[in-house]
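**Q** Got a structure for you, written out below as structure tokens; questions coming shortly.
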Amino acid sequence: MALTPRLVVEVFEHVNYQGRKATIIDSVSNTEDVGVQDVISSIRIYKGPGFNASPNYKAIFHETANYQGRRLVLGPGFYPNIHDIPYNFGDIISSISFSPAANPTPPDYGAIPVIIEAFQDLDFHGQTSIIMRDVSNLRDIGMDDAISSLRIQRGPNFPFSGCHVVFYDQPNFEGRRMNIQLTSREFRVSLRNLHEVPQSFSDIISSVKIVPLGAFRVLVVVGYRTTPEPSILESLTKIEGHEFQFKTININPNPDNFGDSKTAVKLSSEVLSEYDIIWFTWFAAAHDQEYFVEDADEAIKDFVRRGGIVWASSMDNNIIPPDGVYTHEPMWRGDWLPVDRHPIRIVNSDDVNINITPEGQKTGLFTWPHQVDVNALVTDDHWVTDDPAYTRLGVRSDNNEIVSFQLRWGDGYYVTFAIDTRDARRASLAKTLIENALCYLASLAWQTSPRQPLKGRHRAPSSTDWHGQII
């Protein structure tokens with residue numbers, strides 16, 4: 001198996017990347033071995049970590065087994081329907097190979113911390129699937145409740161702190177779990193018979209989460225001094241193998257608006273590049289007709305564009321506009337988000353039941369490491385946009401408008417959930433979501449943050465060389 005694949009190929013049973021999926025990084029003499037014989041209808045091809053060593057590589061799809069018959073040669077890119085002209089190659093692919101070819105225009109697959117080989121039978125036999133990303137439902141790759149043996153080995157982006165692979169007996173990272181750790185001293189873990197592991201996990205695995213471990217600096221931003229959100233965060237220094245270091249600042253100088261003139265600083269006084277994650281607590285950026293981050297709007301967007309991660313709990317919609325003339329019409333200023341490119345606004349609303357979207361389930365935000373009862377949370381206000389760039393993670397049950405979203409901006413991400421943590425009762429209900437969110441943000445930051453070793457710009461932070469300021 002290629003430890004540093006030049007190309008990563010994802011093949012799908014149906015057009016538009018739907019149905020059963022298989023991931024291919026080595027030549028396959030018979031696609032029956034990976035469960036997709038003569039059923040491939042769409043394809044995604046990414047640059048792999050070894051792409052630069054042979055930048056002319058392409059994937060070759062053959063009509064018959066053993067690389068025979070007519071062939072379709074594709075460079076890196078996305079192919080939503082290979083039934084259509086000019087391909088006319090749907091549902092006939094029986095083998096796949098790789099070879100140098102013309103110059104491609106490649107998308108990136110992303111970081112690969114580990115490579116998992118999942119086998120249908122004992123002793124590494126039978127149908128095989130390669131897994132290099134989280135899989136929320138193994139039915140999508142034709143291996144639901146079918147894995148009997150496993151090999152897990154270091155990928156080209158293996159983190160120096162090690163990596164956990166968590167297998168669940170239910171889809172969407174729920175149910176019983178089996179945690180396999182690959183440490184900095186191990187190259188491979190092989191499980192020839194999952195009946196023999198302590199938990200007897202053969203033929204029941206339904207989802208897989210890959211957890212590269214790391215240490216992350218988090219800037220906690222407070223605009224409403226009564227929220228217990230900062231104290232909850234500061235208690236979560238170690239979760240699921242991750243280490244977190246926190247610095248908490250107050251940016252609201254108005255004591256009549258639940259701020260503190262003695263401790264407040266401008267957000268622009270912070271060097272945001274010293275952090276992996278910025279966490280806006282409840283109403284931190286704005287509330288009760290005041291806006292607190294105008295001095296740092298561009299710096300926040302640049303932080304995300306360069307690979308930083310921003311979390312936002314609930315935001316207020318009632319803010320004085322730039323001309324200083326406040327009316328009772330809903331008004332929200334939010335240039336800390338790229339609203340000029342991706343319009344969005346906040347609407348005042350009361351607490352309501354929430355539906356987690358399929359995209360939200362795939363993140364694991366609501367199930368890993370804890371199952372979160374989102375309808376036990378208290379929500380406040382919600383988001384409205386028609387821009388498809390915002391991935392909806394959770395929506396209101398009454399009108400399907402956004403309670404939680406994710407937005408890719410440059411190399412980084414914005415992630416939100418409109419939780420209300422203004423007092424101890426509400427905050428205690430939100431603690432499991434806060435813990436899950438930290439883990440999820442860390443999984444994003446590990447891949448994108450300029451501070452992380454994967455980017456090769458900085459050493460990992462030491463627990464002895466950085467100290468937070470607590471308000």
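**Q** For the stretch 39-56, enumerate the residues that are open to solvent by 40 Å² or more (accessible area, probe 1.4 Å) and in a strand (DSSP E or B).
**A** ARG44, LYS47
**Q** Next question, about the same structure. So which of LEU444, LEU429, LEU433 is in contact (Cβ under 8 Å) with a residue 12 or more places away in the chain and open to solvent by less than 10 Å² (accessible area, probe 1.4 Å)?
**A** LEU433
**Q** Something else now. When you look at SER268, is it under 30 Å from CYS163 (Cα atoms) and of a type in the set (S, T, N, Q), yes or no?
**A** No; evaluated as a whole, the condition is false for this residue.
**Q** Only one of TYR57, TYR109 is hydroxyl-bearing (Ser, Thr, Tyr), touching a Pro at 6+ places or on another chain (Cβ under 9 Å) and farther than 21 Å from LYS21 by Cβ. Can you tell me which?
**A** TYR57
**Q** I've got another one for you. Is there any pair linking a residue in the stretch 253-269 that is more than 12 Å from ARG225 (Cα to Cα) to one that is assigned to a helix (DSSP H, G or I) and not aliphatic (A, V, I, L, M), with Cβ under 8 Å and at least six apart or on different chains, and which?
**A** LYS266/ASP295; LEU267/ASP295; SER268/ASP295
**Q** Turning to a different aspect of this structure: Would you mind stating whether ASP140 is touching a Lys or Arg at 6+ places or on another chain (Cβ under 7 Å) and at pLDDT below 95?
**A** So ASP140 fits the description; yes.
**Q** Looking at the structure I just gave you, is ARG139 open to solvent by 10 Å² or more (accessible area, probe 1.4 Å), of a type outside the set (Val, Ile, Thr) and part of a helix (DSSP H, G or I)?
**A** Judged against the criteria, ARG139 is a match.
**Q** Just checking, how many residues over the stretch 215-271 are part of a strand (DSSP E or B) and either open to solvent by less than 60 Å² (accessible area, probe 1.4 Å) or over 24 Å from GLY307 (Cβ atoms) (or both)?
**A** 17
**Q** Looking for whichever is closer than 14 Å to VAL135 by Cα and in contact (Cβ under 8 Å) with a residue 40 or more places away in the chain here; the options are ILE210, ILE204. Which one fits?
**A** ILE210
**Q** Looking only at the stretch 1-21, count every residue that is open to solvent by less than 20 Å² (accessible area, probe 1.4 Å) and under 15 Å from ILE82 (Cα atoms) and tell me the total.
**A** 4
**Q** Still on this structure, please answer the following. Can you run down the residue pairs with Cβ atoms below 6 Å, 6 or more apart or on separate chains, where the first is in the stretch 341-357 and among the basic types (Lys, Arg) and the partner is outside any loop (DSSP other than H, G, I, E, B)?
**A** So the pair list comes out as ARG345/VAL384.
**Q** A follow-up question, please. In the stretch 189-214, what residues are in a strand (DSSP E or B), of a type in the set (S, T, N, Q) and surrounded by fewer than 19 Cβ atoms within 10 Å (Cβ to Cβ)?
**A** The answer is SER190, and nothing else.
**Q** On to the next question. Name the single residue, out of those in the stretch 190-216 being among the β-branched types (Val, Ile, Thr) and modelled with pLDDT of 95 or more, that is farthest from LEU365 (Cα to Cα).
**A** ILE204
**Q** In this structure, does PHE98 turn out to be crowded, with 19+ Cβ neighbours inside 10 Å and more than 19 Å from TYR17 (Cβ to Cβ)?
**A** Yes.
**Q** Could you pull out the residue among ILE93, ILE116, ILE43 that is at pLDDT 95 or above and in contact with a His (Cβ under 9 Å, 6 or more places away or on another chain)?
**A** ILE93
**Q** Those residues that are in contact with a strand residue (DSSP E or B) (Cβ under 7 Å, 6 or more places away or on another chain) and either part of a loop (DSSP other than H, G, I, E, B) or charged (D, E, K, R) (or both), I need them from the stretch 352-368; list them, please.
**A** Once the filter is applied, which keeps residues that are in contact with a strand residue (DSSP E or B) (Cβ under 7 Å, 6 or more places away or on another chain) and either part of a loop (DSSP other than H, G, I, E, B) or charged (D, E, K, R) (or both), the stretch 352-368 yields VAL352, THR357, GLU359, GLY364, LEU365, PHE366, THR367, TRP368.
Quick grid of which residues meet (1) open to solvent by less than 70 Å² (accessible area, probe 1.4 Å); (2) closer than 14 Å to ILE24 by Cα; (3) of a type in the set (Val, Ile, Thr); (4) touching a helix residue (DSSP H, G or I) at 6+ places or on another chain (Cβ under 6 Å):
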| residue | (1), (2), (3), (4) |
| --- | --- |
| TYR79 | yes, no, no, no |
| PRO86 | no, no, no, no |
| PHE89 | yes, no, no, no |
| ALA111 | yes, no, no, yes |
| VAL114 | yes, no, yes, no |
| LEU122 | yes, no, no, no |
| ASP145 | no, no, no, no |
| PRO156 | yes, no, no, no |
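**Q** Just give me the residues in the stretch 1-36 being within 15 Å of TYR79 (Cα to Cα), over 22 Å from the mean Cα position of the chain (by Cα) and assigned to a helix (DSSP H, G or I), in sequence order.
**A** The answer is VAL15, and nothing else.
**Q** While we're looking at this one, here's another question. List pairs: first residue in the stretch 377-405 and within 17 Å of HIS342 (Cα to Cα) and without any contact (Cβ under 8 Å) to a residue 40 or more places away in the chain, second residue hydrophobic (A, V, I, L, M, F, W, C) and open to solvent by 30 Å² or more (accessible area, probe 1.4 Å) anywhere in the structure, Cβ distance under 6 angstrom, at least six positions apart or on different chains.
**A** HIS382/VAL347
**Q** I would also like to ask the following. Is it the case that VAL73 is among the aliphatic types (A, V, I, L, M) and open to solvent by less than 20 Å² (accessible area, probe 1.4 Å)?
**A** no
**Q** Only one of these conditions is not met by ARG71: (1) basic (Lys, Arg); (2) without any contact (Cβ under 8 Å) to a residue 24 or more places away in the chain; (3) under 26 Å from ARG151 (Cα atoms). Which number is it?
**A** Going through (1) basic (Lys, Arg); (2) without any contact (Cβ under 8 Å) to a residue 24 or more places away in the chain; (3) under 26 Å from ARG151 (Cα atoms) one by one, ARG71 breaks only (3).
**Q** Which of the residues that make up the stretch 340-361 are aliphatic (A, V, I, L, M) and more than 22 Å from the chain's Cα centre (by Cα)?
**A** ILE346, VAL347, VAL352
**Q** May I pose another question? Name the residue that is surrounded by the fewest Cβ atoms within 10 Å (Cβ to Cβ), counting only residues in the stretch 158-184 that are in contact (Cβ under 8 Å) with a residue 60 or more places away in the chain and small (Gly, Ala, Ser).
**A** SER161
The values are calculated or read from the model by the stated rules, or taken from the named source; none is laboratory data. What you see is a predicted model; the values in this text were computed from it and never measured. Note that each Cβ is placed from the backbone with ideal geometry, even for glycine, and that neighbours are counted across all protein chains shown. Accessible surface is based on the protein model in full, side chains and every heavy atom, while ligands, DNA and RNA are left aside. Shrake-Rupley method; radii C 1.70, N 1.55, O 1.52, S 1.80 Å.
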